[in-house]
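Read the structure below first, then the notes.
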Ligand SMILES: [Zn+2]
């Protein structure tokens, strides 16, 4: 009997994607046979496939960032329960808002205060169930667009770096108060999609741009109304700073599949930026943990004790 050929595993030759025309090409190629663009080296292609091998297959940046903010929420809930030794108060704090000290020690930033790590960590922290629900849902909707338009590296880098810029804007220009939440990052990602979709110059691109513009406008207007009606304290400065940072970044960041991009350098720079931004996030978490254990000089603790 003949051996069923479908039983044998086909030998899949390693391929890579041309960053300019998105065609699958041979891993050894240094130039794309379809569009003549210079492409990444075989070593870089192998590194890229090794990295993607340990990440979720579809929209890895969105899923990893989403996982991180959820784990962060659980971590803060755990600390809140420990501090309040459980009970209804702790449950209430977890659902609505933990106490001021827990918020600051576990990631929130205090406006006007000069510590740097909270500008990074505050993007991952949420205050209450509604807050994390809305931001997680928004990330679930916007993240994939950033990954589709700009790639995984830029999605990671934009959440972390542009979110940090938004927090800096909120820190310097937003008045007083304690701030946490991913919405500065999310507004930056909306800004990136607006600019990126516009640059595609296609009917679908313009449609996506208009949807995102409507969304951004809605967030800004609702935020301002809620704040001035004293219904909720929304970080409008952070929202607007994030949106502006995202619009600018999205205008200049390399788009995937943009015809005419004949060199892999923009993608190499994006990769290095992503690695650096993840490094910055890890360093910020390390600083936060040191601070939470009281091994760093902590003038903020003094400020809180007199409040
Ligand atoms: Zn090509």
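The values are calculated or read from the model by the stated rules, or taken from the named source; none is laboratory data. In this text, all values refer to a predicted model and were calculated from it rather than measured experimentally. In this analysis, Cβ positions are derived from the backbone assuming ideal geometry, glycine residues included, and neighbour counts consider all displayed protein chains.
Evaluation of residue 43 against the conditions (1) in contact with a helix residue (DSSP H, G or I) (Cβ under 8 Å, 6 or more places away or on another chain); (2) more than 28 Å from residue 143 (Cβ to Cβ) shows that the sole unmet condition is (1). Looking only at residues of the range 228-269 that are touching a helix residue (DSSP H, G or I) at 6+ places or on another chain (Cβ under 7 Å) and not in a helix (DSSP H, G or I), we find that the one that is nearest to residue 169 (Cα to Cα) is 235. In the range 102-112, the count of residues that are assigned to a helix (DSSP H, G or I) and either at pLDDT 95 or above or closer than 21 Å to residue 277 by Cβ (or both) is zero. Screening residue 225 against (1) assigned to a helix (DSSP H, G or I); (2) within 18 Å of the chain's Cα centre (by Cα) leaves a single unmet condition, (2). When the test is whether a residue is assigned to a helix (DSSP H, G or I), away from the ligand (no atom under 16 Å from the Cβ), closer than 15 Å to residue 152 by Cα and at pLDDT 95 or above, residue 66 passes it.
Between 74, 94, which is assigned to a helix (DSSP H, G or I), closer than 18 Å to residue 133 by Cβ and touching a helix residue (DSSP H, G or I) at 6+ places or on another chain (Cβ under 7 Å)? Lay out the reasoning, then the answer.
Working: 74 fails: touching a helix residue (DSSP H, G or I) at 6+ places or on another chain (Cβ under 7 Å).
Of the residues listed, the single one that is assigned to a helix (DSSP H, G or I), closer than 18 Å to residue 133 by Cβ and touching a helix residue (DSSP H, G or I) at 6+ places or on another chain (Cβ under 7 Å) is 94.
Of the residues 217, 177, 223, 184, the single one that is surrounded by fewer than 22 Cβ atoms within 10 Å (Cβ to Cβ), in contact (Cβ under 8 Å) with a residue 60 or more places away in the chain and over 18 Å from residue 149 (Cα atoms) is 177.
Do the conditions hold for residue 139, that is, is it touching a residue at least 40 places away in the same chain (Cβ under 8 Å), surrounded by 24 or more Cβ atoms within 10 Å (Cβ to Cβ) and touching a helix residue (DSSP H, G or I) at 6+ places or on another chain (Cβ under 7 Å)? Break it down into steps so the answer makes sense when it comes.
Details: touching a residue at least 40 places away in the same chain (Cβ under 8 Å): yes; surrounded by 24 or more Cβ atoms within 10 Å (Cβ to Cβ): no; touching a helix residue (DSSP H, G or I) at 6+ places or on another chain (Cβ under 7 Å): yes.
It is false that residue 139 is touching a residue at least 40 places away in the same chain (Cβ under 8 Å), surrounded by 24 or more Cβ atoms within 10 Å (Cβ to Cβ) and touching a helix residue (DSSP H, G or I) at 6+ places or on another chain (Cβ under 7 Å).
The set of residues from the range 16-30 being assigned to a loop (DSSP other than H, G, I, E, B), touching a helix residue (DSSP H, G or I) at 6+ places or on another chain (Cβ under 9 Å) and surrounded by 14 or more Cβ atoms within 10 Å (Cβ to Cβ) comprises 19, 27, 29.
When the residues of the range 28-55 are filtered to those that are away from the ligand (no atom under 14 Å from the Cβ) and more than 20 Å from residue 269 (Cα to Cα), the one that is nearest to the chain's Cα centre (by Cα) is 55.
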